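The values are calculated or read from the model by the stated rules, or taken from the named source; none is laboratory data. Source: prediction; values computed, not measured. Note: ideal-geometry Cβ built from the backbone for every residue, glycine included; neighbour counts use all protein chains shown. Note: accessible area is taken over every heavy atom of the protein model, side chains too, but ligands, DNA and RNA are not part of it. Shrake-Rupley method; radii C 1.70, N 1.55, O 1.52, S 1.80 Å.
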Amino acid sequence: MYPTATAAVAGSEGDGFPSTDRFDVLDFHHVEFWCADAASAAGRFSFGLGVPLAAQSVITTGNSVHASHVLRSRTGSLAFLFSAPYAPHCTDAAAAATVPSFSADTARHFTSDYGLAVRALAVRVADAAEAFSASVAAGARPAISPAKLGHGFVMAEVELFGDAVLRFVSYPDGTNVSFLPGFEDVDSSGSPDFGLTRFDHIAGAVPDLASVASYVAGFTGFHEFSNYTGDKVGTGESALNGVVLANNADTVLLTLLEPHLAMASDDLLGTLRKIRARSSLGGFELLAPPPPSYYDGLRQLAGDVLSEELIKECRELGVLVDRDDHGGVVLQVFTKAAVDRPTLLLEFIQRIPCVENQQEYKSGGYGGFAKGNVYHIFKYIEDYESNPLILLHRFLP
């Protein structure tokens with residue numbers, strides 16, 4: 001998918017790879033959305049996804065530059081950060097932003113261009129300063145130099161693609177800071193948690209797949225975990241190319257194609273029932289289920305892993321199912337467009353490892369990337385964009 005001169009290592013899903021990472025990447029830390037109203041955006045995502053409000057940095061906590069609200073799963077590491085600039089007359093000229101890279105003027109331009117959208121994809125690394133230096137030395141475009149936040153926390157950023165940045169966060173194990181220094185914990189013990197645990201993978205749309213994949217793989221050292229090509233993913237009207245890059249442990253998976261956030265659950269069917277119950281109340285609407293014929297071969301595909309009852313529930317809830325070469329099974333469902341501008345989809349996923357010779361085979365991306373199921377999300381995008389009203393809007397001056 002990109003020149004062999006990059007540091008990426010080609011291979012099939014789930015293969016073992018030699019260590020190629022240029023720095024020690026541990027996991028996703030959070031995703032930051034820039035928006036016009038952080039409280040409203042955070043409230044909708046919390047309500048619709050069942051991810052409780054956990055912390056905030058706002059004017060009442062001493063931050064007059066931006067309002068930021070954090071959602072965090074109680075059952076895992078999943079964390080959303082929603083940030084919006086305060087009006088200029090509310091901001092103390094000498095005030096410093098809690099998130100050192102936040103710029104009110106840049107945020108206003110960003111939200112004008114994109115609406116509610118992802119600004120930063122944050123990963124936890126062993127040493128943010130080292131990750132920044134190694135990335136820049138390997139060709140990454142610097143966005144913000146390493147900044148000490150206190151309590152041993154360090155943050156740095158490099159450009160990722162478009163106006164999004166890759167944020168490095170490092171901090172000592174055992175810290176009593178729940179998110180980032182400067183954020184005040186919020187008691188949300190009465191709020192439900194639907195069971196989403198972590199980001200499984202994060203996908204972004206790019207205009208030039210080969211150059212972006214080469215750039216990202218080059219400065220991170222990530223290997224190619226999977227890829228999509230037009231001859232395998234298409235509808236007869238159009239086709240899709242994409243690539244999945246992963247760190248050596250397969251705990252951070254970056255997909256370059258249609259933008260979406262994929263969140264994992266250890267009980268996807270139970271999570272979906274709760275999400276679907278709030279769809280008409282301001283939550284998120286799931287894609288229409290595939291045709292009944294989709295499930296005809298499911299027993300043969302995964303009958304040794306999924307019971308008859310689970311297969312029946314998958315059919316009822318419209319859950320897509322696929323399997324990788326190692327026998328791992330993946331269950332997944334997508335939402336319709338999650339924001340006003342059709343630039344973000346949400347995915348809910350559960351990965352079920354297989355058992356080989358009485359031992360569990362399990363890697364960060366077991367179950368693969370369900371290439372067969374990509375057709376269904378791609379068809380939705382194609383149908384959406386063929387809507388006459390969308391086409392009219394696109395070509396109006």
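Determine which member of the set 274, 312 is touching a residue at least 24 places away in the same chain (Cβ under 8 Å), open to solvent by 20 Å² or more (accessible area, probe 1.4 Å) and not in a loop (DSSP other than H, G, I, E, B). Working first, answer last.
Working: 312 fails: touching a residue at least 24 places away in the same chain (Cβ under 8 Å).
Just a single option satisfies the conditions, and that option is 274.
I'm trying to understand the selection: among the residues of segment 138-156, which are of a type in the set (Gly, Ala, Ser) and either touching a Leu at 6+ places or on another chain (Cβ under 8 Å) or open to solvent by less than 20 Å² (accessible area, probe 1.4 Å) (or both)?
Going residue by residue through segment 138-156, those that are of a type in the set (Gly, Ala, Ser) are 138-140, 143, 145, 147, 150, 152, 156.
Scanning segment 138-156 gives 140, 156.
Hand me the list of strands (runs of 3 or more DSSP E) wholly inside segment 133-204 holding 3 or more residues that are closer than 19 Å to residue 252 by Cα and modelled with pLDDT of 95 or more. Spell out the reasoning first.
Details: elements: 142-150, 153-161, 164-170, 196-204.
Counting at least 3 such residues, we get 153-161, 164-170, 196-204.
Working carefully through the options 110, 132, 168, find the one that is among the aromatic types (Phe, Trp, Tyr), in contact (Cβ under 8 Å) with a residue 40 or more places away in the chain and within 18 Å of residue 28 (Cα to Cα). First the steps, then the outcome.
Working: 110 fails: within 18 Å of residue 28 (Cα to Cα); 132 fails: in contact (Cβ under 8 Å) with a residue 40 or more places away in the chain.
Only one candidate qualifies: 168.
Tally the residues that are modelled with pLDDT under 95, of a type outside the set (A, V, I, L, M, F, W, C), out of contact with any Ser or Thr (no Cβ under 7 Å at 6 or more places or on another chain) and buried (at least 21 other Cβ atoms within 10 Å of the Cβ), restricting the search to segment 205-223.
The total comes to 0.
Filter segment 150-162 for residues that are closer than 17 Å to residue 120 by Cβ and out of contact with any Gly (no Cβ under 7 Å at 6 or more places or on another chain) and give the result. Step through it out loud before you land on a result.
Within segment 150-162, the first condition is being closer than 17 Å to residue 120 by Cβ, and the residues that meet it are 153-162.
Hits for segment 150-162 are 153, 154, 155, 156, 157, 158, 159, 160, 162.
Name every residue in segment 31-69 that is farther than 25 Å from residue 333 by Cα, open to solvent by less than 10 Å² (accessible area, probe 1.4 Å) and either modelled with pLDDT under 95 or assigned to a helix (DSSP H, G or I) (or both), in order of residue number.
Selection gives 38, 63.
List the residue pairs whose Cβ atoms are under 9 Å apart, where the first residue sits in segment 323-339 and is at positive phi, the second is in a strand (DSSP E or B) and open to solvent by 20 Å² or more (accessible area, probe 1.4 Å), and the two are 6 or more positions apart or on different chains.
If the second residue must be in a strand (DSSP E or B) and open to solvent by 20 Å² or more (accessible area, probe 1.4 Å), the pairs left are 327/355; 327/356; 327/361.
Give segment 78-102 a look and list any residue that's modelled with pLDDT of 95 or more, small (Gly, Ala, Ser) and in a loop (DSSP other than H, G, I, E, B), or say none.
The answer is 101, and nothing else.
Among the residues of segment 80-103, which ones are farther than 20 Å from residue 158 by Cβ and surrounded by 17 or more Cβ atoms within 10 Å (Cβ to Cβ)? Before you say what the answer is, go through the steps one by one.
Going residue by residue through segment 80-103, those that are farther than 20 Å from residue 158 by Cβ are 80, 82, 84-96, 98.
Once the filter is applied, which keeps residues that are farther than 20 Å from residue 158 by Cβ and surrounded by 17 or more Cβ atoms within 10 Å (Cβ to Cβ), segment 80-103 yields 80, 82, 84, 85, 86, 91, 98.
For segment 7-26, give me the residue count where each residue is open to solvent by 40 Å² or more (accessible area, probe 1.4 Å), modelled with pLDDT of 50 or more and either part of a strand (DSSP E or B) or in contact with a strand residue (DSSP E or B) (Cβ under 8 Å, 6 or more places away or on another chain) (or both).
2
Conditions tested, residue by residue: (1) closer than 16 Å to residue 247 by Cβ; (2) surrounded by fewer than 18 Cβ atoms within 10 Å (Cβ to Cβ); (3) touching a strand residue (DSSP E or B) at 6+ places or on another chain (Cβ under 8 Å).
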residue: 125; (1), (2), (3): yes, no, yes
residue: 136; (1), (2), (3): no, yes, yes
residue: 158; (1), (2), (3): yes, no, yes
residue: 163; (1), (2), (3): no, yes, yes
residue: 168; (1), (2), (3): yes, no, yes
residue: 179; (1), (2), (3): no, no, yes
residue: 182; (1), (2), (3): no, no, yes
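When you look at residue 257, is it over 18 Å from residue 32 (Cβ atoms), modelled with pLDDT of 95 or more and within 19 Å of the chain's Cα centre (by Cα), yes or no? I'd like the intermediate steps shown before the answer.
Values: over 18 Å from residue 32 (Cβ atoms): yes; modelled with pLDDT of 95 or more: no; within 19 Å of the chain's Cα centre (by Cα): yes.
No; evaluated as a whole, the condition is false for this residue.
Scan segment 324-333 and give yes if some residue there is in contact with a Pro (Cβ under 8 Å, 6 or more places away or on another chain) and either assigned to a helix (DSSP H, G or I) or open to solvent by less than 10 Å² (accessible area, probe 1.4 Å) (or both), otherwise no.
Yes, because at least one residue in segment 324-333 is in contact with a Pro (Cβ under 8 Å, 6 or more places away or on another chain) and either assigned to a helix (DSSP H, G or I) or open to solvent by less than 10 Å² (accessible area, probe 1.4 Å) (or both).
I'm trying to understand the selection: among the residues of segment 186-204, which are more than 21 Å from residue 27 (Cβ to Cβ) and open to solvent by 30 Å² or more (accessible area, probe 1.4 Å)? Break it down into steps so the answer makes sense when it comes.
Of the residues in segment 186-204, the ones more than 21 Å from residue 27 (Cβ to Cβ) are 186-192.
Of everything in segment 186-204, those that are more than 21 Å from residue 27 (Cβ to Cβ) and open to solvent by 30 Å² or more (accessible area, probe 1.4 Å) turn out to be 186, 187, 189, 190, 191, 192.
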